[in-house]
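Chemist: My questions all concern the structure below.
The values are calculated or read from the model by the stated rules, or taken from the named source; none is laboratory data. Note that the structure is predicted; figures quoted are calculated from it, not measured. Neighbour counts are summed over all protein chains in view; Cβ atoms, including those assigned to glycine, are modelled from backbone coordinates with ideal geometry. Keep in mind that these areas ignore ligands, DNA and RNA; they rest on the heavy atoms of the full protein, side chains included. Shrake-Rupley method; radii C 1.70, N 1.55, O 1.52, S 1.80 Å.
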Amino acid sequence: MRERRLLIVEDEKPIADILAYGFKKEGFSVRCAYTGASGLAQAEAERPDLVLLDWMLPDLSGVDVCRMLTETYNIPIVMLTARGSVDDKLLGLETGADDYITKPFDLREVIVRVRAILRRFDRAEAQAPEDAPVRSGRLVISEKEWSVSLDGSRVSLTPKEFELLLFMTKHPRQVFSRDQLLCRIWGYDFDGDNRTVDIHVQRLRKKLKISDALVTVFGVGYKYEPRDED
Ligand code: CA
């Protein structure tokens with residue numbers, strides 16, 4: 001089995017250390033973030049398999065972080081909190097957390113529950129038709145064949161154009177900043193500038209005749225607005 005990547009977002013370093021120690025011993029690759037903002041940044045950069053997320057963080061609340069993560073990524077989240085009320089628990093689950101563990105916790109129990117969620121998640125992913133082509137308006141985008149066709153004729157795209165198109169069409173109506181797109185498509189340490197995104201978007205619009213589907217969100221970035229018919 002491949003190495004599992006775990007991200008721990010917890011401002012209390014001793015607790016983060018205990019968790020990191022326990023999961024590393026179990027063969028996980030572990031990263032820690034001590035604020036909500038750095039947790040979000042690390043989740044974006046490293047795409048962990050699961051996030052252990054503390055409820056009370058110094059900058060953002062764990063609930064907000066959870067919401068932001070589940071809106072953007074398909075990553076399971078386990079919330080950690082001081083022994084709390086039932087209301088907290090409900091809220092945690094409503095924000096999209098997959099499980100909820102109260103502190104003080106038993107390390108072995110946390111590991112067992114994390115493993116159970118990962119197994120559940122693997123099964124769900126295996127059942128999802130990952131290879132099914134994405135259809136939108138006159139476009140058919142096949143990730144399996146790494147190809148795009150417009151009205152049935154193949155259009156030749158560069159690898160980055162293709163990745164950008166695929167990413168945008170997989171997240172319809174979601175607005176991404178240029179920085180987010182750079183980070184996602186070109187990688188975290190890409191040292192080009194935001195113009196790179198603009199240039200690729202312009203080329204996609206031209207090649208695929210989708211200027212009204214790849215929408216500029218003024219002052220923010222871009223989104224993909226799918227169309228059923230032209
Ligand atoms: Ca805390």
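Chemist: Can you name the residue in the stretch 46-55 that is under 22 Å from Asp122 (Cβ atoms) and part of a loop (DSSP other than H, G, I, E, B) and is also nearest to the ligand (Cβ to nearest atom) among such residues?
Modeler: If we take residues in the stretch 46-55 being under 22 Å from Asp122 (Cβ atoms) and part of a loop (DSSP other than H, G, I, E, B), then Pro48 is nearest to the ligand (Cβ to nearest atom).
Chemist: A further question on this structure: Looking only at the stretch 41-70, which residues are over 19 Å from Asp99 (Cβ atoms) and either out of contact with any strand residue (DSSP E or B) (no Cβ under 8 Å at 6 or more places or on another chain) or open to solvent by less than 10 Å² (accessible area, probe 1.4 Å) (or both)?
Modeler: Glu44, Ala45, Pro58, Asp59, Leu60
Chemist: So, Val175, is that one crowded, with 17+ Cβ neighbours inside 10 Å and not small (Gly, Ala, Ser) or not?
Modeler: No, not satisfied.
Chemist: Mind listing just one residue for me: the one in the stretch 6-40 that is under 13 Å from Arg115 (Cα atoms) and crowded, with 17+ Cβ neighbours inside 10 Å and, of those, farthest from the ligand (Cβ to nearest atom)?
Modeler: Among them, the one singled out is Phe28.
Chemist: Next question, about the same structure. Would you check if there is a residue in the stretch 56-63 being farther than 21 Å from Ile111 by Cα, in a helix (DSSP H, G or I), under 17 Å from the mean Cα position of the chain (by Cα) and at pLDDT below 95?
Modeler: Among the residues of the stretch 56-63, at least one is farther than 21 Å from Ile111 by Cα, in a helix (DSSP H, G or I), under 17 Å from the mean Cα position of the chain (by Cα) and at pLDDT below 95, which makes the answer yes.
Chemist: Only one of these conditions is not met by Ala43: (1) at pLDDT below 90; (2) in a helix (DSSP H, G or I). Which number is it?
Modeler: Only one criterion is unmet by Ala43, namely (1).
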